[in-house]
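A quick write-up on the structure given underneath.
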Amino acid sequence: MKGFEDRLNLFDDLAASQSRLIFDPSSSTKLVWMIGRKPSNAPLTQRSPMLQDNAISIDLNATDTNLPVSQLASELAQLLNLFAATPFDWQWVEIAAAQLQWTQAQVDDARIELLSCRFLQLTAAGLYQVDPGLREAYWQTVPGLRQPESFKRAFAEAIVLLNQQLPQTPVSAQTQALMTMIPHMAEVAEAYTQHIGAIDLNALFTTLGNFYTEKKQLSVAESWYQKGLNLVQSRLGNEHPQTATSLNNLASFYQAQARYAEAEPLYVQALAINQQSCSDRPELATSLNNLAGFYKVQGNYSQAESLYLQALELKLKLFGETHSSVATGLNNLAGVYYAQERYEVAETLYERALQLKKCLVGENHPSLATSLNNLASVYQAQKRYNEAKSLYSRAVRLGTQNFGKDHPTTLAFQRNLNKVCEMLATEARSTSSISIKVDGWGMVSGMRGLLGLNF
């Protein structure tokens with residue numbers, strides 16, 4: 001062939017045929033494009049001249065530039081086979097390629113080659129995937145094939161980086177991206193954990209656990225939390241702060257499932273680790289908060305209050321009075337007082353938290369919605385329904401803007417708003433009824449006086 005454009009034209013012509021890429025049985029590293037024919041079992045050298053003319057060899061270890069797929073394209077094929085057997089965003093590939101010092105132009109050229117020979121496919125959703133049959137052939141037909149460690153590391157680091165960029169509360173579009181990413185995260189978690197650090201391990205397994213928890217696949221979620229804990233323990237030991245983080249993650253999962261007897265000892269163990277190794281670090285505040293939240297759920301308000309106060313004191317010491325973590329601490333402590341119907345104290349703390357949030361993130365940040373909702377709940381409990389309605393409405397608006405109207409958080413705000421609106425309507429009906437009765441009695445009383453009647 002004369003050049004790359006000629007090859008592209010040829011591959012476009014092949015697309016209309018029943019062509020497919022197969023492994024050359026005579027070589028452990030060659031893929032062969034068979035044009036409109038079933039592959040022969042005979043080695044290429046023993047096939048008919050016509051068949052040989054219609055066979056395009058793709059050597060995965062090629063150095064011969066006459067081959068229709070370049071060396072870089074062959075290497076890109078190896079990298080792509082590390083991804084899970086599900087569609088992926090090409091940006092993820094570019095992140096991994098950057099770890100290997102490949103230029104954008106090199107990656108683009110290699111992608112075109114792999115698309116041309118149908119090794120790589122573009123889906124209707126704008127995602128990419130490796131041809132399933134070729135992927136299977138790649139792994140099964142080449143016995144003992146070992147991917148370069150640099151490729152594995154690049155793939156694992158790309159997924160870790162993507163996980164770090166995920167928002168804590170993703171909007172609907174981000175949720176769809178996360179669903180696409182999950183199988184590839186699982187691939188790293190299952191096969192390439194040796195290529196990522198302990199902190200990233202925790203984050204990765206937490207994302208997987210949280211995802212399947214949201215999907216109500218609880219046994220799958222628990223297995224990811226447990227795997228993360230076991231892996232961190234084996235790598236760092238039982239007294240490491242990252243082990244405490246894994247313990248907290250699993251404990252939180254158990255608490256959410258009302259498996260309190262399993263949750264409490266894990267929280268206590270995590271707190272003990274952080275008290276020993278993180279006495280002046282945020283990790284200790286996190287453990288204090290987690291155990292406090294557990295006791296609050298149990299109705300043990302005195303212990304919850306004590307731990308929340310310790311956590312808030314530590315946050316003030318570490319961050320000062322104008323930090324988002326302090327606002328969270330104020331909210332947490334206020335929640336304990338609210339649960340005890342100590343509404344005036346709760347209101348003061350919720351208001352402080354709300355004002356601090358406004359100063360830190362502005363009037364339209366999604367985190368502000370929670371503070372609005374919390375303060376509204378205090379107003380509602382005090383039968384200050386109009387004030388509550390105003391704040392709930394703002395919370396719904398922020399939730400809709402940032403998460404979408406069908407997001408669980410937004411729906412929760414909407415339910416609260418609907419409830420307080422019903423209370424206002426009931427109050428209005430009651431007031432109207434009382435007014436009518438008074439007017440009626442007034443009329444009767446006037447008639448009595450006019451007629452000189454005594455009742």
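The values are calculated or read from the model by the stated rules, or taken from the named source; none is laboratory data. Note that the structure is predicted; figures quoted are calculated from it, not measured. All Cβ positions, even for glycine, are placed from backbone atoms using ideal geometry, and neighbour counts span all protein chains on display.
Per the listing Ala256, Ala263, the residue uniquely out of contact with any helix residue (DSSP H, G or I) (no Cβ under 6 Å at 6 or more places or on another chain) and among the hydrophobic types (A, V, I, L, M, F, W, C) is Ala256. Considering only the stretch 112-135, state which residues are in contact (Cβ under 8 Å) with a residue 12 or more places away in the chain, assigned to a helix (DSSP H, G or I) and over 20 Å from Thr180 (Cα atoms). Hits for the stretch 112-135 are Ile112, Glu113, Leu114, Ser116, Gly133, Leu134. Elements of the type helices (runs of 4 or more DSSP H) sitting completely within the stretch 314-427 and holding at least 2 residues that are surrounded by 19 or more Cβ atoms within 10 Å (Cβ to Cβ) and either touching a Lys or Arg at 6+ places or on another chain (Cβ under 6 Å) or among the polar types (S, T, N, Q) (or both): these cover 324-339, 366-381. Scanning for something within 27 Å of the chain's Cα centre (by Cα), assigned to a helix (DSSP H, G or I), among the aliphatic types (A, V, I, L, M) and more than 28 Å from Phe413 (Cβ to Cβ), does the stretch 254-267 turn up at least one residue? For the stretch 254-267, residues within 27 Å of the chain's Cα centre (by Cα), assigned to a helix (DSSP H, G or I), among the aliphatic types (A, V, I, L, M) and more than 28 Å from Phe413 (Cβ to Cβ): present. Assess whether Glu239 counts as being under 26 Å from Ala339 (Cβ atoms), of a type in the set (D, E, K, R) and either touching a residue at least 12 places away in the same chain (Cβ under 8 Å) or not in a helix (DSSP H, G or I) (or both). It is false that Glu239 is under 26 Å from Ala339 (Cβ atoms), of a type in the set (D, E, K, R) and either touching a residue at least 12 places away in the same chain (Cβ under 8 Å) or not in a helix (DSSP H, G or I) (or both). Within the stretch 296-307, being crowded, with 17+ Cβ neighbours inside 10 Å and within 27 Å of the chain's Cα centre (by Cα) holds for one residue alone: Lys296.
Once the stretch 93-138 is narrowed to residues that are closer than 20 Å to Lys152 by Cα and of a type in the set (Gly, Ala, Ser), the residue that is nearest to the chain's Cα centre (by Cα) is Ala96. Which residue out of Gln269, Gln176, Gln168, Gln242 is at pLDDT 95 or above and either surrounded by fewer than 21 Cβ atoms within 10 Å (Cβ to Cβ) or touching a helix residue (DSSP H, G or I) at 6+ places or on another chain (Cβ under 6 Å) (or both)? Only one candidate passes the filter, namely Gln269.
Give Glu347, Glu341, Glu313, Glu351 a once-over and let me know the one that is out of contact with any strand residue (DSSP E or B) (no Cβ under 6 Å at 6 or more places or on another chain), acidic (Asp, Glu) and closer than 24 Å to Gln255 by Cα. The unique qualifying residue is Glu341. Scanning the stretch 354-410 for residues that are of a type outside the set (Asp, Glu) and in contact (Cβ under 8 Å) with a residue 60 or more places away in the chain yields a total of 6.
Restricting the stretch 53-74 to residues that are within 21 Å of Phe155 (Cβ to Cβ) and crowded, with 20+ Cβ neighbours inside 10 Å leaves a set whose member that is modelled with the lowest pLDDT is Leu60. I'm told Asn289 meets every condition in (1) in contact with a Pro (Cβ under 6 Å, 6 or more places away or on another chain); (2) buried (at least 20 other Cβ atoms within 10 Å of the Cβ); (3) among the polar types (S, T, N, Q) except one. Can you identify the failing condition by its number? It is condition (1) that Asn289 fails. Of all residues in the stretch 271-284, those that are farther than 18 Å from Asn249 by Cα have Cβ atoms under 8 Å from Cβ atoms of residues that are in a loop (DSSP other than H, G, I, E, B) and not polar (S, T, N, Q), 6 or more apart or on another chain, in Gln276/Glu239; Ser277/Glu239; Ser277/His240.
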